[in-house]
Amino acid sequence: MASSSRNNKKYDVFVSFRGEDTRDNFTSHLYSALCRQNIQTFIDDQLNRGDEISESLVNAVEASAISVIVFSEGYASSRWCLDEVVKILKCKKEYAQIVIPVFYRVDPSDVRNQTGSFGDSFSKLEERLKENTEKLRSWRKALKEAASLSGFNSLNIRPESELINEVVHHILKRLLDQVFRPNDNKNQLVGVESRVEEIESLLGAQSKDVYALGIWGIGGIGKTTIARAIFYKISSGFEGSCFLENVREESQKPGGLACLRQKLLSNLLKDKNVSLDIGLNFRRLSRMKVLIVFDDVTCFSQLESIIGSLDCLTPVSRIIITTRNKQVLRNWGVRKIYEMEALEYHHALELFSRHAFKQNHPDVGYEEFSSKVMKYAQGVPLALKVLGCFLYEREKEFWESAINKLQRILHPSILEVLKISYDSLDDKEKNIFLDVACFFQGEDVNLVMKFHNASGFYPEIGISVLVDKSLIAIGSYNKIRMHDLLQELGREIVRQESINPGNRSRLWHHEDIYEVLTYNTGTEKIEGICFDMSKVKELRLNPNTFTKMPKLRFLKFYSSLFNGENKCKMSYLQDPGFAEVKYLHWHGYPLKSFPSNLSAEKLMLLEVPDNDIEQLWDCVKHFSKLNQIIHAACHKLIAKIPNPTLMPRLNKLVILNLRGSKSLKSLPSGIFNLEFLTKLDLSGCPKLKRLPEISSGNISWLFLRGTAIEELPSSIERLLRLGYVDLSNCKRLKSLPSSLYRLKSLGILDLQGCSNLQRLPECLGQLSSPITFNLAKTNIERIPESIIQLFMSGYLLLSYGERFQFVQKSPFLERGCLALQPFLGIVEDTLIIQHTNHTPVLRLQEIWQERGFSLGKGHIVLPGNEIPKWFEFQSVGSFITLEMPPDFFNNSRVQGIAFSAILAFSDRHVDCGRWFSFSFELKVKTTKDCGTHDTRLSQSRVNYVESYHLHLGHYLFCEEDFNGFWKCNCILEAVHFNVFPPLECQCCGVKKCGIHLLHTPDPTSMEDPSTCFNCNEED
């Protein structure tokens, strides 16, 4: 199995050992050393073991990427240990698990042949179990195989501490090389391998001092990519390592430099609670061989603040600095600077093609277009990626227009090339892009969405478009990322709005802001200000400063220094002002209260650290205007001071979102009684164990995902309008109240991942309306008969491999092809079309339409390796050739196509859990140009599943299809089934396929055409 299938394991290492021999010495020291390297290690700490290996231990072995077997003198005296060896070797064979033996004070040959003192232990066990010859044979075979593997011998490596160091270093290297690093990582990097080798040779240079290397080049040229590739390749050879990314960006945040220093020391010293004594920490570092990457450094002072100087590091340490400013490297005394150059033409073309065509070369007919793009992109990787994504799946006319536009842009800068993607946005998308470029780099995407929702920019669509166009990315921890080059593009666009900063829409540079505020030159053009006050001297604001900015939406006055202070002084603020502000962050806000016209109704974020505020608003009436309350405010108000007097003030509250409140333990008793509250989101509150009793309420949506809820109050039955309950991943949930059946409006109950939930109340079947259950990844083994009957008109989601026990077979589950096996996955596309009386899928349509869906196309996956016989056209492989009359699409009885395909995967070639795109295409020929064209009719996302499975679905032609076919006078020639990404081995892919034409009923026919959808056992 490919190594990338191991990188999703729960544990990095499983340690098998004989407790009496090594628990309190070698094994405990090995475990501590692995933990210090942040290697997730499973070690069985049970002192008393039974005769048989426990299920939890078996699961732990399977959930580990590497198994370490510590063979000691008494190891073979334990049945438990020997069973572990057998299981470990089975995982090695089936899952390519890495196995590393350690021979602790025993000779490998004694383990291999069961001789010496090790053999004596085995002989004693053999004497007790001499009748179980099969078991003994399997143990001997396992010991011989395991002892033949390459490992570590304590008799050859001394002292013991050195043995442990070598074992840990070897494990870390195997994890980095074969587990953590994606198997296809090289395929994602183009033109990098030779550069990595060159830089690696430079870092290996002999030097009596700490060797520092600079990687220098323009933004988007690939400096960070190269540095990260080097870091992953060589970091295992150092005692401590840290990749400190985005130094420039992080240093500009409040206290950013102090946070970076803390992160550096924590990573290098492997100490999350590193001491605040800087001198002590750097003395500890002076004894270590470390590797540090400072990514995107813009000035000398950043390095000086984070690490001071290189004198505190050992001469064998290595430092890599990436920057766009060569002067930073000179100031730091970096002797060797590696200049990043543009990609060579063939590498640039390959990188562009991967994004524009999803392959390593251009499509036929697009070579000249691609050559012109190469000319303007100039080998800059970011530009190649952005343009490739921009042109992906576009028609030639679009390419020609885009390239012509490129030719009209005379400025040679790559920024201008990227502006093509910006020009393709609508006005609201452009506003979101400029806001991110000026204010929201690195911010949480949910915060950005809320702000732009309040601004009326439809961010659900806009942010999706920006991601699709590679203008932004959603990175780790749900943060918005924008490449430096793209950020500079956005800011340059704003600069060009006016030579006078006061006439620009957004201000972020401290000099521009200082000028506008000092001379009070702001205008109605200004929509946002982001001001780092630590970079200027104190200034006194005019009381009417903000009255000149009636469109101000965003105001952030902050300090990037650890102990920053407010530099903007004032005695009072003149009204009107702040009327449109949605985002207000003011470090050290100087006044006693907020401006009277600061609209609580519009405000979505309020942060005023180190303030002197005595009251939020001058009068309580503003509270009654609140329709929703921001996360941070709710977190503090309710988690810290559950004041009952707060509830009446929130009487107009419609949506209460406390998602992710880490310290929230309880809710005020009257929270459910708020008259207008319809949505309560408590997802991700890990300390919330219970809900208050409920007397009444109008809540329709209740989200409790990932909380510590153990049970719901029986009084939940009083939420008569409750329609959606999300209890997914509530690991402590043990039971559901029987009163749930009284919830007349309940439509969806999500219990996915409730691993402690073992049964459902029998009375749930008394619900008066159809309900959707999600029982995936629960421990429920039996579904009550009453719920099965309810499922007749509802929707039940099960997971592959779950073994549910049904009291009796549901008629629905027995009907036709839909056998008793749990569904592996259902993919639906509810395209709304006019009513058509197609009959082969009539029964399926009747069932699905009971859930309110109109079936334009559908797709289900079932176990099986044969195409049902009622498919009139069948073929081996993924291609069916057809002979159709010229008037095929003019036949008014043709309504659509039912399709089927046998899709097979192999454990040896496909990673479990991987998603694929499964589609089928019509190949039609037009009489006008006699050319063959592909028309993709159906595309679904399917998961890898074991063995052979039948994909069964249908597509009903819509009016647009018919118009296109009739207009071009098309003739259907073939149908082709595709899987993307392509499967490289012959044992995987589409093995068989079939189609069946769907017609309206023939009134002259006496046959019931719906019978073609019934499958007899012989089929």
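Rolling a 1.4 Å probe over the protein chains gives Met482 an accessible area of about 10 Å². Normalising the Debye intensity of region 97-175 to I(0), with uniform scatterers on Cα atoms only, and taking log10 at q = 0.12, 0.22 Å⁻¹ returns -0.42, -1.01.
Taking a Cβ cut-off of under 10 Å around Gly219, the surrounding Lys, Arg, Asp and Glu residues balance to a net charge of -1, with basic ones at +1 and acidic ones at -1. Seen from Glu524, the other residues with C-beta closer than 9 Å to its C-beta sum to a net charge of +3, counting Lys and Arg as +1 and Asp and Glu as -1.
For region 2-153, the fraction of C-alpha pairs more than 29 angstrom apart is 11%.
Among His587, His954, the order of accessible area from largest down is His587, His954, computed with a 1.4 Å probe on protein heavy atoms.
Potential lengthening of the chain between Gln766 and Val536 amounts to 75.9 nm, from the contour at 0.36 nm per residue minus the alpha-carbon distance.
Against the criterion of solvent-accessible heavy-atom surface with a 1.4 angstrom probe, Tyr392, Tyr75, Tyr338 sort, most first, into Tyr392, Tyr338, Tyr75. For region 107-151, the extents of the C-alpha atoms along the principal axes are 33, 20, 10 Å, listed from largest to smallest. Taken over the alpha carbons of region 235-318 as equal point scatterers, the Debye sum produces base-10 log I(q)/I(0) values at 0.12, 0.17, 0.25 Å⁻¹ of -0.31, -0.65, -1.39. Once the chain from Lys592 to Asn453 is taken as fully extended at 0.36 nm per residue, the excess over their C-alpha distance is 47.1 nm. Work out the FRET efficiency for Thr523 and Ser464 from their Cβ-Cβ distance, taking R0 = 30 Å, and round it to the nearest 0.05. So the FRET efficiency works out to roughly 0.35. The smallest convex shape that holds all Cα atoms of region 53-117, its convex hull, gives 80 Å³ per residue. Accessible area ranking (1.4 Å probe, heavy atoms, ligands and nucleic acids excluded), largest first, for Arg158, Arg742, Arg481: Arg158, Arg742, Arg481.
Taking 18 Å as the limit for the C-alpha separation, the pairs Lys535/Lys582; Lys385/Lys469; Lys253/Lys479; Lys525/Lys548; Lys92/Lys124; Lys556/Lys582 exceed it in the case of Lys535/Lys582; Lys92/Lys124. Taking N as the number of residues in region 216-265, what value does Rg over Cα atoms divided by 2.2 N^0.38 Å take? Expressed relative to 2.2 N^0.38 Å, the Cα Rg reads 1.32. Charging the Cβ of each Asp and Glu at -1 and of each Lys and Arg at +1, and nothing else, the dipole of region 193-343 about its Cα centre rounds to 320 debye. Remark: region 502-588 is approximated by an ellipsoid whose semi-axes, taken from the C-alpha gyration tensor as √(5λ), come to 19, 13, 13 Å, largest first. In a fully extended conformation the segment linking Ala258 and Asn273 would gain 3.9 nm over its present Cα-Cα distance, using 0.36 nm per residue.
Extending 7 Å from Cα along the Cβ direction at Ser54 and again at Ser919 yields two label points whose distance is 5.0 nm. All other residues whose Cβ lies under 13 angstrom from that of Leu260 are scored, Lys and Arg at +1 and Asp and Glu at -1, for a net of -2.
Computed with every protein chain present, the accessible area of Arg140 is close to 80 Å² [probe 1.4 Å]. Once all protein chains are placed together, Tyr232 keeps about 100 Å² accessible to a 1.4 angstrom probe.
The values are calculated or read from the model by the stated rules, or taken from the named source; none is laboratory data. Model, not experiment: these values are computed from the prediction. Ideal geometry is used to build each Cβ from the backbone, glycine not excepted, and the neighbour counts take in all protein chains shown. Accessible surface is based on the protein model in full, side chains and every heavy atom, while ligands, DNA and RNA are left aside. Shrake-Rupley method; radii C 1.70, N 1.55, O 1.52, S 1.80 Å.
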